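The values are calculated or read from the model by the stated rules, or taken from the named source; none is laboratory data. No experiment lies behind these values; they were computed from the predicted model shown. Here the Cβ is made from the backbone with ideal geometry for all residues, glycine too, and neighbour counts use every protein chain on show.
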Amino acid sequence: MLQRESWLLGDSHVGFQVGLIQRATLRDRGAFISTLLDLNPALMRRRPPPESQAIEFAFTYVKPHLIPLLTRIWPIPDDLPHAAGMGDLDRVKRWFDESGKVALGDLAGHFPTNRARTRNDLQWGESSVQQVLDTAFAWAVLNSHFAVADFLLERCADINARWSSHEPASILHELAGLHENYEAMRFLIDRGIDMTIVDYRWGAARPRAGPATPRTTRRWPSGWPRRNDNERRGRDEGIRVGQRQRRTCRVFWFMAADMSPYRNNSRQVYVPIL
């Protein structure tokens, strides 16, 4: 479709191209990103590259295997959270002095202090060193870099920080609700995370686990519910139906004059869902 509608690859649609890559990152569509970049969109030629959340999404939603594709456009920021998300303990240690105290230098150079939207989503208010530490710890745990996570935990990262991908909750909610990473859950539980923290949408953290088997139940803390076969089958069928219903999405051609999709001569293009 993008080969046929080549105008979408031009300079006036760089924002659209960024949006495609962000959506593809969220949905783990590495092949789509690779194909798009092979078409040499204008985005590839922008210096500096436009602002994007694609790298952030890769760490937050545990898609580190997409990083080599994304770094064809955006470099990985040189800060504490990104070093932790990569599992680079040597780089992480650069942000601490010999006594073990955090030494970030310019706070504005570290995520999420330079991303107001992320802080607002988490209701974190003004930027602080603790926000940087807690984000670095969360990314290390989510991406299973437990040596880095332990290092940060020993240096005042808050295991009970109200952190989640986009709502105030806890890292355990993120793992249980989206990733079902039992090893990471056990890491947090063994180190004393508060399991009574409530996400206002779902309550206390519980995994959306599959049928009970010897393999899975060994990993579940006592008291967590076991989803039976019928519940799992219903959920999976619902996902398949939803995917069929959302097979296409409408993308407007935003006119360069006023960026409005409501002009009479605007065009509509249907793009297969990523």
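Data overview
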{"quantity": "Only one of Glu154, Glu167 that is surrounded by fewer than 21 Cβ atoms within 10 Å (Cβ to Cβ), of a type in the set (D, E, K, R), modelled with pLDDT under 90 and out of contact with any strand residue (DSSP E or B) (no Cβ under 6 Å at 6 or more places or on another chain)", "calculated": "Glu167"}
{"quantity": "Extreme residue, nearest to the chain's Cα centre (by Cα), among residues of segment 60-101 that are among the aliphatic types (A, V, I, L, M) and surrounded by fewer than 18 Cβ atoms within 10 Å (Cβ to Cβ)", "calculated": "Ile76"}
{"quantity": "Qualifying residues in segment 108-130 (those that are outside any loop (DSSP other than H, G, I, E, B) and surrounded by fewer than 14 Cβ atoms within 10 Å (Cβ to Cβ)) - the one farthest from the chain's Cα centre (by Cα)", "calculated": "Ala108"}
{"quantity": "Of the criteria (1) assigned to a loop (DSSP other than H, G, I, E, B); (2) closer than 12 Å to Ile21 by Cα; (3) not hydroxyl-bearing (Ser, Thr, Tyr), which one Ile76 fails", "calculated": "(2)"}
{"quantity": "Members of segment 125-140 found to be without any contact (Cβ under 8 Å) to a residue 24 or more places away in the chain and touching a Phe, Trp or Tyr at 6+ places or on another chain (Cβ under 9 Å), listed by number", "calculated": "Gln131"}
{"quantity": "Residue count, segment 8-19 (criterion: touching a residue at least 24 places away in the same chain (Cβ under 8 Å) and surrounded by fewer than 16 Cβ atoms within 10 Å (Cβ to Cβ))", "calculated": "4"}
{"quantity": "Residue match in segment 20-39 (condition: loosely packed, with under 15 Cβ neighbours inside 10 Å, over 29 Å from His179 (Cα atoms) and not basic (Lys, Arg))", "calculated": "yes"}
{"quantity": "Matching option when the condition is among the acidic types (Asp, Glu), in contact with a Gly (Cβ under 9 Å, 6 or more places away or on another chain) and within 20 Å of Ala136 (Cα to Cα), among Asp79, Asp90, Asp106, Asp97", "calculated": "Asp79"}
{"quantity": "Scan of segment 145-191 for residues that are of a type outside the set (Gly, Ala, Ser), touching a residue at least 60 places away in the same chain (Cβ under 8 Å) and part of a loop (DSSP other than H, G, I, E, B), ordered by number", "calculated": "His145, Asn181"}
